[in-house]
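Here's the structure, in structure tokens; my notes come after.
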Amino acid sequence: MLTTVAVAYVDVTAASLCLALDLPRQEALDVAPVDLGPFAVELRVLGASHQVIVEGAVSETVACLEGAREPLPDRVERLAGDLTYRFSSGVEQLALPALRERAAELRRRAAESEHALAAVFPGSPDALTALSVRRTATGVAWTTVHLYPGTGEAVTTESVLG
């Protein structure tokens, strides 16, 4: 699903993002519920950030969190009930043409998929937050991309629950 959110883009940087696990549902600009067999997943766009909730297992929030001091980690692994949750993140510097190309591809994929959500900000189509989820042999996995045209950054996260 491709959507345009009703708030203006606020320039954020990769360095502003933090990871928080097990937060309750945050106020969302848009939500896409996805049913993947025994897993009920919510893809949630929170401004220039995201929240993914796998009902009964994990809540992952990547956002500019008030009071948070730790930068976005490269890797996290922990138990989530009888499943293992793995998170990884990375930041790329992109020239504007490459960033625009990546944004166009993310918008196209989201428009074509029922397991994806991409939110575009008014007046800045290349500033977007994109999430997609898929079933794996043992659980679910999701990928998110945050594009920040002001700084030329692409923040990508990959998470697996299984």
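The values are calculated or read from the model by the stated rules, or taken from the named source; none is laboratory data. Just so it is clear, the model here is predicted, and its values are computed rather than measured. Neighbour counts run over all protein chains shown; Cβ positions are idealised from the backbone, glycine included.
Is there a residue in segment 86-104 that is part of a loop (DSSP other than H, G, I, E, B) and either without any contact (Cβ under 8 Å) to a residue 24 or more places away in the chain or in contact with a Cys (Cβ under 7 Å, 6 or more places away or on another chain) (or both)? First the steps, then the outcome.
From segment 86-104, those part of a loop (DSSP other than H, G, I, E, B) are 94-95; that's our starting set.
Filter once more, so that each one left must be either without any contact (Cβ under 8 Å) to a residue 24 or more places away in the chain or in contact with a Cys (Cβ under 7 Å, 6 or more places away or on another chain) (or both): none.
The answer is no; no qualifying residue exists.
Within segment 43-76, being more than 16 Å from L161 (Cβ to Cβ), among the aliphatic types (A, V, I, L, M) and under 12 Å from the mean Cα position of the chain (by Cα) holds for V45, L46, A48, A63.
Inside segment 30-52, residues that are farther than 15 Å from H146 by Cα and part of a loop (DSSP other than H, G, I, E, B) make up a count of 2. For segment 68-127, a residue qualifies if it is closer than 26 Å to M1 by Cβ, at pLDDT 95 or above and among the β-branched types (V, I, T), and exactly one does: V91.
Out of curiosity, is R108 of a type in the set (D, E, K, R), free of Cβ contacts under 8 Å to residues at least 60 places away in the same chain, in contact with an Asp or Glu (Cβ under 9 Å, 6 or more places away or on another chain) and closer than 18 Å to V145 by Cβ?
Details: of a type in the set (D, E, K, R): yes; free of Cβ contacts under 8 Å to residues at least 60 places away in the same chain: yes; in contact with an Asp or Glu (Cβ under 9 Å, 6 or more places away or on another chain): no; closer than 18 Å to V145 by Cβ: yes.
In short, no.
Set side by side, the residues E66, E70 differ, and just one is closer than 29 Å to Q93 by Cβ and without any contact (Cβ under 8 Å) to a residue 12 or more places away in the chain, which is E66. When you scan segment 64-83, do you find a residue that is under 25 Å from P149 (Cα atoms), among the charged types (D, E, K, R) and surrounded by 14 or more Cβ atoms within 10 Å (Cβ to Cβ), even just one? No.
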